[in-house]
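Data first, discussion second: the structure below is written as structure tokens.
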Amino acid sequence: MKSIEENFITMRKKIKIFTLIISLISFTSCEEIYRNREEDNYVTPYKGKWVGTYTGDQSGTLVLNVGEKGGVEGTRTSMEFKETFYTAMQGGGSGALSTMSPSPSGFILYGSLEAKSGTWKMGSLKGSWAVVKN
């Protein structure tokens, strides 16, 4: 049978281990909360209105409205034709446009807002584009 002193030492060790575990969990939770807060408050440096042209097999004007979190509403106009499409910027801060969502007509932009230019494709048609921030 253990003595009272041995029981006390065992209990003290358990309390130390428990305190250490709680401290580690709290530290990790605080760090995660801080990281989540940074992500929630993030505003892309590319936010705003970008205006320019696209040329090649077709040509026209291009307007890209970039939201705080990197969502992009694009409008292209060619003669009497006007089309609005939605895409997003890829992560990493390069201003690269996502190639995952073409417009209803299949028009898709490749390139980045950091370079302020790129290429476009729509079926067999292709060309280049360039914009400046307003």
| task | Could you tell me whether any residue of the stretch 109-123 is farther than 21 Å from Gly67 by Cα and among the hydroxyl-bearing types (Ser, Thr, Tyr)? | result | yes
| Members of the stretch 22-44 that are open to solvent by 90 Å² or more (accessible area, probe 1.4 Å) and either at pLDDT 80 or above or not in a helix (DSSP H, G or I) (or both) | Tyr42
| request: For the stretch 99-111, name all the residues that are within 20 Å of the chain's Cα centre (by Cα) and crowded, with 17+ Cβ neighbours inside 10 Å. | output: Ser103, Ile108, Leu109, Gly111
| request: Take the stretch 46-76 and flag every residue that is open to solvent by less than 40 Å² (accessible area, probe 1.4 Å) and over 21 Å from the mean Cα position of the chain (by Cα). | output: Gly52, Tyr54, Gly60, Leu62, Arg76
| Can you tell which of Glu68, Glu73, Glu80 is in contact (Cβ under 8 Å) with a residue 24 or more places away in the chain and among the acidic types (Asp, Glu)? | Glu68
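The values are calculated or read from the model by the stated rules, or taken from the named source; none is laboratory data. Computed from a prediction, not measured in an experiment: that's the story for all the values here. As a convention, Cβ positions derive from the backbone with ideal geometry for all residues, glycine included, and neighbour counts pool all protein chains shown. The accessibility values were calculated without ligands, DNA or RNA, using every heavy atom of the protein model including side chains. Shrake-Rupley method; radii C 1.70, N 1.55, O 1.52, S 1.80 Å.
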